[in-house]
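Q: Structure in structure tokens, see below.
The values are calculated or read from the model by the stated rules, or taken from the named source; none is laboratory data. Predicted, not measured: the structure shown is a model, and the values here were computed from it. Here the Cβ positions follow ideal geometry from the backbone for every residue, glycine too, while neighbour counts run over all protein chains shown.
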Amino acid sequence: MTEHRGHEAVVSRRRAPEPVPDRITLRADDGATAEIHRHGAHVTSWRPAPDGEERLFLSSTSAFGAGVAIRGGIPIIFPQFAAEGPLPRHGFARTASWSIGGVARSSNGMAEADFVLRDSAETRALWDARFTAVLKVCVLADQLAITLDVENVGESPFSFTAALHTYLRVQDIGSIEIVGLRGTQYRVTGDRTLRRDDDDVLRVQDYLDRVYVGAPQLLELHDGARVLTLESEGFPDAVVWNPGAERAAALADLEQGGEKRFVCIEAAVVQTPVTIGPRRKWIGTQTLTARAR
């Protein structure tokens, strides 16, 4: 751009825009951290304070790229759970490029970030809905909170299912205990038959794929000397999954033996889809808290 001052011409140079990062790292004042990729608004690391130990599992052979889901961390399942519908498995949110809505630090030292996904011609070709989805990630001390906010910005109602497909790092899958599901009905993914879990604790010995319907809002994962609590709000169901050795061997993006080092415990809305009308929204939150046993 050229500005004219009398007979003198002065060239004013515009600064090039800052490149948008592919991922960001949140760091709370107390040292707790979380790493999130724009690809899928995917949390791939969480290290609570004060111990700084990684609590999420991420496969060392996971692919990272357009149209590919990251294996591990916390994939966002939306607007369809698994293959229970006409859309691609687990929907399109986990492979979409989200924009960064903002990054901030609260007065108490909490670090937080918002990621935004809006409908596009590409999404509407798969799912005819006009929406805005916002994922908020907050990290402080021993907690990681993730909130999924879905708003209907169109003129017609739509329905969806969703989950926060959380891969929790464990020392040995054979020794963990999941507490809090006793008395809850569950079904196997893809099968609508309901069964009742009457065990005091849930142990994972091999392949496991259950949708707990109307699950308690507070669950615990016992892993040796460590305890992780999972508290949900707005998500009525919970999913527990591990591929087991045979199915894991068929997953090219899962390292050998990787299935022994994680269990997925997911806040979910699966059994009864959410339906929201025009200009209405739905919000669901999962909060993870790490502590010693």
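Q: Scan region 107-114 and tell me whether some residue there is among the acidic types (D, E) and over 18 Å from V170 (Cα atoms). Break it down into steps so the answer makes sense when it comes.
A: The initial filter retains those residues of region 107-114 that are among the acidic types (D, E), namely 112, 114.
Add one more test, that the residue is over 18 Å from V170 (Cα atoms), and what stays is 112, 114.
Scanning region 107-114 turns up at least one residue that is among the acidic types (D, E) and over 18 Å from V170 (Cα atoms).
Q: A further question on this structure: If A111 satisfies every condition in (1) under 16 Å from H42 (Cα atoms); (2) at pLDDT 95 or above; (3) out of contact with any helix residue (DSSP H, G or I) (no Cβ under 6 Å at 6 or more places or on another chain) but one, which is the exception?
A: The one condition A111 does not meet is (1).
Q: Please list, ordered by first then second residue, the pairs with beta carbon atoms under 6 Å, 6 or more apart or interchain, first in region 125-136 and modelled with pLDDT of 95 or more, second of a type in the set (D, E) and not in a helix (DSSP H, G or I).
A: Here the result reads R130/D119; F131/D119; T132/E151; V134/D114; V134/D149; K136/D114, each pair linking region 125-136 to a residue that is of a type in the set (D, E) and not in a helix (DSSP H, G or I).
Q: Taking interchain pairs and intrachain pairs at least six residues apart, which have beta carbon atoms under 6 angstrom, with the first residue in region 141-152 and farther than 19 Å from E53 by Cβ and in contact (Cβ under 8 Å) with a residue 40 or more places away in the chain and the second assigned to a strand (DSSP E or B) and of a type in the set (S, T, Y)?
A: T147/T285; E151/T132
Q: Among the strands (runs of 3 or more DSSP E) contained in region 187-269, which hold 3 or more residues that are more than 23 Å from E84 (Cα to Cα) and in contact with a Ser or Thr (Cβ under 8 Å, 6 or more places away or on another chain)? Show your work before the answer.
A: Values: elements: 208-213, 218-223, 226-233, 237-242.
Where strands (runs of 3 or more DSSP E) fall fully within region 187-269 and carry at least 3 residues being more than 23 Å from E84 (Cα to Cα) and in contact with a Ser or Thr (Cβ under 8 Å, 6 or more places away or on another chain), they are 218-223, 226-233.
Q: Which of the residues that make up region 79-110 are small (G, A, S) and either closer than 20 Å to I283 by Cβ or under 17 Å from the mean Cα position of the chain (by Cα) (or both)?
A: So in region 79-110, the residues small (G, A, S) come out as 82-83, 85, 91, 93, 96-97, 99, 101-102, 104, 106-107, 109.
Answer for region 79-110, where residues must be small (G, A, S) and either closer than 20 Å to I283 by Cβ or under 17 Å from the mean Cα position of the chain (by Cα) (or both): A82, G91, A93, A96, S97, S99, G101, G102, A104, S106.
Q: Among the residues of region 165-180, count how many are in a loop (DSSP other than H, G, I, E, B) and either surrounded by fewer than 19 Cβ atoms within 10 Å (Cβ to Cβ) or out of contact with any Pro (no Cβ under 7 Å at 6 or more places or on another chain) (or both).
A: Residues of region 165-180 that are in a loop (DSSP other than H, G, I, E, B), as a first pass: 165-166, 170-172, 176, 180.
Filter again for either surrounded by fewer than 19 Cβ atoms within 10 Å (Cβ to Cβ) or out of contact with any Pro (no Cβ under 7 Å at 6 or more places or on another chain) (or both), leaving 166, 170-172, 176.
So the answer is 5.
Q: Now a separate question. Residue check: is L58 hydrophobic (A, V, I, L, M, F, W, C) and closer than 23 Å to N152 by Cα?
A: Working: hydrophobic (A, V, I, L, M, F, W, C): yes; closer than 23 Å to N152 by Cα: no.
Taking the combined requirement at face value, the residue does not satisfy it.
Q: Confirm whether R203 is closer than 15 Å to Q271 by Cβ and modelled with pLDDT of 95 or more.
A: For R203, the condition - closer than 15 Å to Q271 by Cβ and modelled with pLDDT of 95 or more - is not met.
Q: Scan region 102-147 for residues that are assigned to a strand (DSSP E or B), small (G, A, S) and surrounded by 14 or more Cβ atoms within 10 Å (Cβ to Cβ) and jot them down.
A: Residues of region 102-147 that are assigned to a strand (DSSP E or B), as a first pass: 102-105, 111-118, 131-140, 143-147.
Restricting the remaining residues to those that are small (G, A, S) gives 102, 104, 111, 113, 133, 145.
A111, A113, A133, A145 - these are the residues of region 102-147 that are assigned to a strand (DSSP E or B), small (G, A, S) and surrounded by 14 or more Cβ atoms within 10 Å (Cβ to Cβ).
Q: While we're here: Restricting the search to region 189-218, which residues are under 17 Å from S232 (Cα atoms) and touching a Leu at 6+ places or on another chain (Cβ under 8 Å)?
A: Across region 189-218, the qualifying residues are Y212, V213, A215, P216, L218.
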